[in-house]
Structure formats: C-alpha cells, structure tokens
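Data block below; observations after.
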Amino acid sequence: MRDLREAITYAKADGTLTCGQLLEVASFLKASDEIRRAISKARSAGSPLVDETEPDVCAYADKLETSDKLLEKIETSILGQDEVSDKASRELSSIRRERKNIASGIRSLLDRVIANHADMLQEGIVTLREGRYCIPVKADFNGRIEGIVHGASSSGQTLFIEPMSVVEANNKIAELTFAEQAEIQRILKSFTNEVVSISPLLENNMEIA
C-alpha cells in the first residue's frame, strides 16, 4: 500500500507521472483489491467470526475500491521503471517497427562498406556514436571513406565515421526516436489524467489504509 499523496499532488498540478510512479499506482490498486478479496474469500469459506473478531478491519476493507480499467492499462503498457510496451498504443508500435526496419537496412549497407574496406577498419563491426550508426576507421585512412566523423578512440588511432551512404537513414532514425519520445510522453500524460480522475478513490483508500 504505497503512499501516493505526493504523486497525486504532482499530477493534479499538471505534472506527468513517470513509469515508476504509474507502477506504484497500479501496485496500490492491486493491493487494495487483494485486501478486499481476502476478506470476501474468508467470508465465502465460512471462516468463523471473521466479522466479529475484527469488525473494524472488515468494515474498513469493505470500503476499499479499485479501478480495473486503469490497472489493466498500466500493467499492459508499463514494463518497468523506464520502459513502455509496444502495446501501449498503435502509434508507438508503428514508430518502433519502422525504426527497427530502417536500422536493419543501415546495418546491411554498413556490412557492405565493411566488406569492401576491411583493410581500413580497426574492426569489422558497426557501432553507435551519438545515436548514429558508424564504423571504426583507422586514423591513417581518414578521408578515404567519405562520411562524418563522430569522435575518436582514447588513443586517437580510431575514428568513428558515419558513411555518407547512411546519413539520410540515420536522420530518419533520429526523427523516429524523437517521435517515440513524444508518443511515450503522450501516453504517460493520458495515464496521469486518468489517475487524477480517480484521485478521490485513491485518497479514500489511503485514508482507509
């Protein structure tokens, strides 16, 4: 039974709750429901004197409420402290699918560059620098592979170069990454608004707890 007062105050002030805070709301709703169900199950099982031995506890538990709709949304959409599921929205799923396809195309292009210029590379690998797909080129061959330099190794012997053949695709990856973050914020804001809408329920449950 988490203390959600700070999160609710922040949400009411037009703040957007984080994945972690939304998971705490879900945990609270689930715990509230489990407490209520435990009392109900004890009654159904014919436990003797359940209402007579702990009348105050039972009376409080009977007043607990939950929101199955919001609980299901959060549990389906939020995977971790900083992770939103593809299932959170069709738009998010579409953005991530498109980005994955473009990234796969970039890797195929760079694999061909690596195969054709193996002698100029420190390693035959694709690496990420500043969110851009690059290849590690020996400093001695600087300028031999046309592209943009995105840094160097600590020894200075390796340059991380983004070949011109993948610049446009890398730009698209960057655009999709921004679009992904915007969609995630929209989803979190939508969930936050739903938390605000049931805040009387949450506050009542906290008082009971």
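The values are calculated or read from the model by the stated rules, or taken from the named source; none is laboratory data. These numbers were taken from a predicted model, which means no experiment stands behind them. When we count neighbours, we look across all protein chains shown, and the Cβ atoms used for this are built from the backbone with ideal geometry, even at glycine. Just the protein is used for accessible areas: all its heavy atoms, side chains included, with ligands, DNA and RNA removed. Shrake-Rupley method; radii C 1.70, N 1.55, O 1.52, S 1.80 Å.
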**Study point:** Residues located in the range 123-150, provided they are under 18 Å from ARG112 (Cβ atoms), modelled with pLDDT under 90 and charged (D, E, K, R)
**Key:** GLU123, ARG144
Exercise for review: Tell me, yes or no, whether the range 94-108 has at least one residue that is open to solvent by less than 70 Å² (accessible area, probe 1.4 Å), assigned to a strand (DSSP E or B), among the charged types (D, E, K, R) and touching a residue at least 12 places away in the same chain (Cβ under 8 Å).
Suggested key: no
Check your understanding: If the Cβ limit is 8 Å and pairs must be 6+ apart or interchain, which residue in the range 125-150 that is in contact (Cβ under 8 Å) with a residue 12 or more places away in the chain and acidic (Asp, Glu) pairs with which residue that is in a strand (DSSP E or B) and open to solvent by less than 70 Å² (accessible area, probe 1.4 Å)?
Key -> GLU130/HIS150; GLU130/GLY151; GLU146/PRO163
Point to revise | Selection status of ARG43, over 30 Å from GLU175 (Cα atoms), open to solvent by less than 90 Å² (accessible area, probe 1.4 Å), at pLDDT below 90 and among the basic types (Lys, Arg) | key: yes
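Yes or no: ASP86 among the acidic types (Asp, Glu) and open to solvent by 30 Å² or more (accessible area, probe 1.4 Å)? Write out each step before concluding.
Details: among the acidic types (Asp, Glu): yes; open to solvent by 30 Å² or more (accessible area, probe 1.4 Å): yes.
Yes.
Considering only residues that are within 32 Å of the chain's Cα centre (by Cα), assigned to a loop (DSSP other than H, G, I, E, B) and not charged (D, E, K, R), which ones fall in the range 125-143?
At the first step, the residues of the range 125-143 found to be within 32 Å of the chain's Cα centre (by Cα) are 125-136.
Those still in the list that are assigned to a loop (DSSP other than H, G, I, E, B) too: 125-126, 130-131.
Once the filter is applied, which keeps residues that are within 32 Å of the chain's Cα centre (by Cα), assigned to a loop (DSSP other than H, G, I, E, B) and not charged (D, E, K, R), the range 125-143 yields ILE125, VAL126, GLY131.
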Review point. Within the group SER44, SER32, which residue is touching a Ser or Thr at 6+ places or on another chain (Cβ under 9 Å) and hydroxyl-bearing (Ser, Thr, Tyr)?
Key: SER32
Study note, to complete from the structure: With the first residue restricted to the range 6-35 and required to be touching a residue at least 60 places away in the same chain (Cβ under 8 Å) and within 20 Å of GLU65 (Cα to Cα), and the second required to be open to solvent by 50 Å² or more (accessible area, probe 1.4 Å) and outside any helix (DSSP H, G or I), Cβ contacts under 6 Å at 6 or more apart or on different chains are PHE28/ARG2
